[in-house]
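Okay, structure first, notes after.
The values are calculated or read from the model by the stated rules, or taken from the named source; none is laboratory data. Owing to the predicted nature of the structure, the values given are computational and were not obtained by experimental measurement. No Cβ is skipped: glycine too gets one built from the backbone with ideal geometry, and neighbour counts run over all protein chains shown. Only protein heavy atoms, including side chains, enter the accessible area calculation; ligands, DNA and RNA are left aside. Shrake-Rupley method; radii C 1.70, N 1.55, O 1.52, S 1.80 Å.
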2 protein chains.
Amino acid sequence: MDMQMNKERVLELLHAHQYKKLKEELEEQMHPVDLAEMLEELEPLERVLIFRLLAKEEAAETFTNMNSDMREELINALTEQELEEVMEEMYIDDTVDVLEEMPANVVDRLLLSIDAEKRAQINTLLQYPEDSAGSIMTVDYIALRKEMTVQEAILKIRQVGLNKETIYTCYVTEKRRLIGQVDLKEILTTSESRLIEDVMDTNLIFAQTTDDKEDAARIINKYGLIALPILDHEMCMVGLVTVDDAMQVIQEETTEDISIMAGLSPNEDSYFGTTVFEHVKNRLPWLLFLMLSATVTQMIMGHYEMALAVMPQLAGFIPMLMGTGGNCGSQSSTLVIRGLAVGEIQLNDVLKVMFKEVRVALIISLILSVVNGVRILLMGQGGALTALAIGLTMACTIVIAKIVGCTLPLFAKRVGLDPAIMATPLISTLVDISTVTVYFAIVTAIFHI
Amino acid sequence: MDMQMNKERVLELLHAHQYKKLKEELEEQMHPVDLAEMLEELEPLERVLIFRLLAKEEAAETFTNMNSDMREELINALTEQELEEVMEEMYIDDTVDVLEEMPANVVDRLLLSIDAEKRAQINTLLQYPEDSAGSIMTVDYIALRKEMTVQEAILKIRQVGLNKETIYTCYVTEKRRLIGQVDLKEILTTSESRLIEDVMDTNLIFAQTTDDKEDAARIINKYGLIALPILDHEMCMVGLVTVDDAMQVIQEETTEDISIMAGLSPNEDSYFGTTVFEHVKNRLPWLLFLMLSATVTQMIMGHYEMALAVMPQLAGFIPMLMGTGGNCGSQSSTLVIRGLAVGEIQLNDVLKVMFKEVRVALIISLILSVVNGVRILLMGQGGALTALAIGLTMACTIVIAKIVGCTLPLFAKRVGLDPAIMATPLISTLVDISTVTVYFAIVTAIFHI
């Protein structure tokens, strides 16, 4: 890991025109993932010069790992021939990823540099919906027949394996229908004369082309698979999703969830890859919506202006009550949102979740109300009546916050929305409204104001 | 996926004493992951009965996928002989995971049922720090020598592969030092007479036993690996971490981050697997701390009781100002925390991050202040002076919130804390304090109260 070339060394060799040495060192010392990362920091012209030095496999892998701006720039700089060489080396699923991000004229140019058979496969893949398992699958897999012996299977794998993204799980098909699968490890460690039929596993785990790609990724994660076969609606095998793509999907979806939970529009680019203007655009909608929603709190408080004029010290408790309520609500909503995301909580668990949250809320509200009451008395912020009023408000707020926090994500999921939108920002605003309502109802009753 | 047995079918066969049929159906139709999940829902006695029916490989895999309570219960129910059979089938890294969760007397019993060689390996693994790469690695890997031909390598893999968790990447060692690695795909698709030396990749990606397990998992994710070799401090190869374990680690660490970001103590059990009392214990510390911190806000407001008595309508703006500030701050802190977690943002990016956030904050504060000013005038909540005072406060709050939100996670990382603690709850409380301070400074100056 520490034998990588640094940017300075690369630029030094480049500017000294020591291309041969640069090419050698790049190939020996740089992983395509790191090279793609480094190229991001260079000037466009330097990028193209370095890219041209790479051997075609290395070039294809580096290209796959670049961000879309860099790819587009390179495509425009390369000749037809160079482009053709790079595209030839890329796996089909990576090619499709690249094409999906490019403007139409670039796509046309790229498709021209791909041979006819591959082009037909790519066109099929491009038709799957954007977030489907079909859109991230590769069509390169090893298909075996059940009548083959292990020896024949090994021979086939050795012949065709080179162009397949993964050969570690082989699929047994009959008229294109998936009937079994067998790990390469199983094939290699059993007797050569056995039939594939006898070593294959028929208890199949698979997904369908139109399933959500996140669901496919979660299956790979749950069962610890290296690849998941993808079937069409006639149960014919059309491709597979590999574990590295699944990890990518899960990471992207998690980042998306975390963003939405913080009131941000999700964004596929990196933090620094997003311009200031785009950052503003991603953040503004929720901020505006929540700011305007807070008007409701303000209107409720407006009704009690007289009470506040009489006892202005009442205002001082509001931030603490709202803060505690908001925190309680966001704890509950976060647990439910994450539980739904990793599959620990199901839609029909709503009553179980509520029962748990209500008990938790009662214990917590008792403890916090007492601690806070003691604090009020000790700090001389009010007498027993004030402590009672604040304690009652706090207890009600916590129970309401926990119930709202745990039910809204489940409700969102039920009506087909992303549960993550029911997170801290929205929950806080709703809890703020209920807090002031409860607070003023209680204090006006207790203090007769 | 839809051919699984359901719980009713399992119980039906069990209670009809149709053990042979049950055993067959379980082995044909249930994946150990799903079986472990289903067993959770059964009675202890039913669990043991069903577990005893399983073939030993199936039993070992099911055992590996159970939660720790179920494992302990089973260990107490099984005979020495049964236990020995299960432990024999388990991979060493899974055995270590099991042992780490068990009470000392159970560990002793388990170690007794393991043969001496395996026990020595387990004892070594148990000594690695809990969150280290060493603690999650397996010591079963295929080691080749560089003088071997491809043919010899294939022969060796076929002989020893059965007991190795992964055979898909082979490691070339010399006096135990790692000098190269070669994918099984490479070995199978090249000429049998070539030397391993000529096909191996010497540009190694590895981690060390004492590295954080999350860092090892991120490397696997970044480079799309199936396994990552783990070296000791003499650079000798001691084991490897596989991609399925890496996915598990990333999922656990992400759940932990999300929990901490919502003011929850992280917890390895599932939502329903956590008792009400434990839920309270996980949620209370932050709630108490934040509630008491809110006292500062209250004390500041206490200083301005006269101003509030004169203009009680001023109180109504506070929830909106605090809410907007809190949301702005949590957007920034969330982006930075996630950026740090996935490696997009580095510690030394602090100035770059601040420069971006300040520009974003200025644009957002301008837009929100104007929109809110117009709203105040339209709704008749105040005149131009009020709109100006609120607008100024909002602008200051947003800039402060964004700066606090983006710098605190970086600061936490710098001093060795988890950046995730600098998320919404804490940021909101800090922003609340700065909001009231700025607000009352501005309104008392503008309205001369």
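Here's the list of aspartates and glutamates a cross-link from B:Lys146 could span, going by alpha-carbon distance under 15 Å and ignoring same-chain residues fewer than 8 apart: B:Glu174, B:Asp183, B:Glu186, B:Glu192, B:Glu197, B:Asp198, B:Asp201. Taking 0.692 mPa s as the viscosity and 37 °C as the temperature, the Stokes-Einstein diffusion coefficient of region A:7-127 based on its alpha-carbon Kirkwood radius rounds to 222 µm²/s. Kindly express, to the nearest 10 degrees and within the range 0 to 90, the angle between helix B:116-126's C-alpha long axis and the longest C-alpha principal axis of chain B. That works out to roughly 10 degrees. Placing a pseudo-label 7 Å from each Cα along the Cα-to-Cβ vector at B:Tyr19 and B:Glu252 gives an inter-label distance of 3.6 nm.
A Förster radius of 56 Å, combined with the Cβ-Cβ distance separating B:Ala120 from B:Arg194, puts the computed FRET efficiency at roughly 0.95.
Taking 7 Å steps out from each Cα toward its Cβ at B:Glu101 and A:Ala441 produces label points 4.4 nm apart. Using a cutoff of 8 angstrom between alpha carbon atoms and counting only pairs six or more residues apart, the relative contact order for region B:50-165 works out to 23 percent. For B:Gln81 and B:Val415, the difference between the fully extended length at 0.36 nm per residue and the C-alpha to C-alpha distance is 115.2 nm. Taking B:Leu417, B:Leu264, B:Leu83 as the candidate residues, the one with maximal mean-square fluctuation in a Gaussian network model of chain B, Cα springs under 10 Å, is B:Leu417. With Cα atoms defining each centre, region B:101-167 and region B:357-408 are spaced 60 Å apart in the structure. Under 20 Å from a point placed 7 Å out from the Cα of A:Leu377 along the Cα-to-Cβ direction: which residues of region A:311-343 have their backbone N that close? Hits in region A:311-343 for A:Leu377 at 20 Å: A:317.
Can you tell me how region A:50-101 classifies by the Cα gyration tensor, rounded, prolate or oblate, using a/c under 1.5 as the rounded cut?
rounded
Share of pairwise Cα-Cα distances greater than 12 Å in region A:185-243 is 70 percent (whole percent).
Determine the per residue accessible area of region A:397-438 with all protein chains present and a 1.4 angstrom probe, expressed in square angstrom. Each step should come with its number before you reach the end.
Numbers: 1370 Å² over 42 residues.
Here the residues of region A:397-438 average 33 Å² of exposed surface.
To the nearest 100 Å², how much accessible surface do chains A and B hide from each other in total, with a 1.4 Å probe?
10700 Å²
Between 0 and 90 degrees, rounded to the nearest ten: what's the tilt of helix B:44-53 against the longest Cα principal axis of chain B? Roughly 40 degrees between the two axes. What you get for region A:226-363, charging only the Cβ of Lys and Arg (+1) and of Asp and Glu (-1), is a dipole of about 900 debye around the Cα centre. Dividing the summed helix terms, -39500 (n - 2.57) for each DSSP H run of n ≥ 4, by the number of residues in chain B produces a 222 nm estimate of -21500 deg cm²/dmol to the nearest 500. Here region B:8-49 is treated as a sphere whose radius is the Kirkwood value from Cα pairs; by Stokes-Einstein at 25 °C and 0.890 mPa s it diffuses with a coefficient of 234 µm²/s.
Accessible surface of A:Ser191, taken over heavy atoms with a 1.4 Å probe and every protein chain present, rounds to 60 Å². When the accessible area of region B:143-257 is split by element with a 1.4 Å probe, what percent falls to carbon and sulfur? Percent of accessible area from carbon and sulfur atoms in region B:143-257: 44.
Inter-copy label distances at B:Gln29, shortest first and taken from points set 7 Å along Cα to Cβ: 6.0 nm.
Is the C-alpha gyration tensor of region A:276-447 telling us rounded, prolate or oblate? Criteria: a/c under 1.5 is rounded; beyond that, a/b larger than b/c is prolate, otherwise oblate. It would help to have the intermediate numbers written out before the result.
Working: a/c = 2.44, a/b = 1.43, b/c = 1.70.
It comes out oblate by the Cα gyration axes.
Normalised by the number of residues in region A:143-243, the average gap of Cα pairs under 8 Å and 6 or more apart makes the relative contact order 26 percent.
Please find, in a Gaussian network model of chain A (springs between Cα atoms separated by less than 10 Å), the residue of A:Met311, A:Met301, A:Met137 whose mean-square fluctuation is greatest. Of the options given, A:Met311 has the highest mean-square fluctuation. Relative contact order of chain A, taken over Cα pairs closer than 8 Å and 6 or more residues apart, is 10 percent. Each part reduced to its alpha carbon centroid, region B:329-354 and region A:232-310 end up 17 Å apart.
Note on region B:4-48: dipole from Cβ charges, positive end direction compared against B:Leu45, B:His17, B:Gln29; the farthest Cα belongs to B:His17. Distances from B:Asn203 to itself in the other copies, using label points 7 Å out along the Cα-Cβ axis, amount to 4.2 nm in increasing order. Each 10 Å bin from zero up to the one holding the largest Cα-Cα distance in the protein assembly as shown carries the following percent of pairs: 2, 11, 18, 22, 19, 14, 9, 4, 1, 0. Label separation (A:Arg177 vs A:Asn67): 4.8 nm, computed from points 7 Å beyond Cα along the C-beta direction. Rounded to the nearest whole Hz, the Karplus-based 3J(HN,Hα) values (6.51 cos²θ - 1.76 cosθ + 1.60, θ = phi - 60°) of region B:391-407 follow the sequence x, 4, 4, 4, 4, 4, 4, 5, 5, 4, 4, 5, 5, 4, x, 8, 8, with x at glycine and proline. Exposed loop sites here are GluC sites (Glu not before Pro) assigned a DSSP state other than H, G, I, E or B and surrounded by at most 12 other beta carbons within 10 Å; excluding them, the longest clear run of chain B is B:269-449. Taking 30 Å as the limit for the C-alpha separation, the pairs B:Lys281/B:Lys356; B:Lys356/B:Lys413; A:Lys175/A:Lys213; A:Lys56/A:Lys222 exceed it in the case of B:Lys281/B:Lys356; A:Lys56/A:Lys222.
A cut-off of 5 Å between modelled amide H atoms, ignoring neighbours fewer than 5 places along the same chain, links A:Val172 with A:Leu144, A:Ile179, A:Gly180, A:Gln181, A:Val182.
Note that region A:433-448 has calculated 3J(HN,Hα) couplings of 4, 5, 4, 5, 4, 5, 4, 6, 4, 6, 5, 5, 6, 6, 9, 6 Hz, one per residue in order, obtained from phi through the Karplus relation 6.51 cos²θ - 1.76 cosθ + 1.60 (θ = phi - 60°); glycine and proline are x. Here the Gaussian network model covers chain A, with springs between Cα atoms less than 10 Å apart; of A:Met299, A:Met422, A:Met102, A:Met299 fluctuates the most.
When you work out D = kT/(6 pi eta Rh) for chain A at 4 °C and 1.567 mPa s, using the Kirkwood radius from C-alpha pairs as Rh and the Stokes-Einstein form, the result is 48 µm²/s. When B:Glu117 is represented by a point 7 angstrom out along its Cα-to-C-beta vector, the spacings to that point in the other copies are 4.6 nm, nearest first. Rounded to the nearest 20 debye, the dipole magnitude of the protein assembly as shown is 3860 debye, with +1 charges on Lys and Arg beta carbons, -1 on Asp and Glu beta carbons, and the Cα centre as origin.
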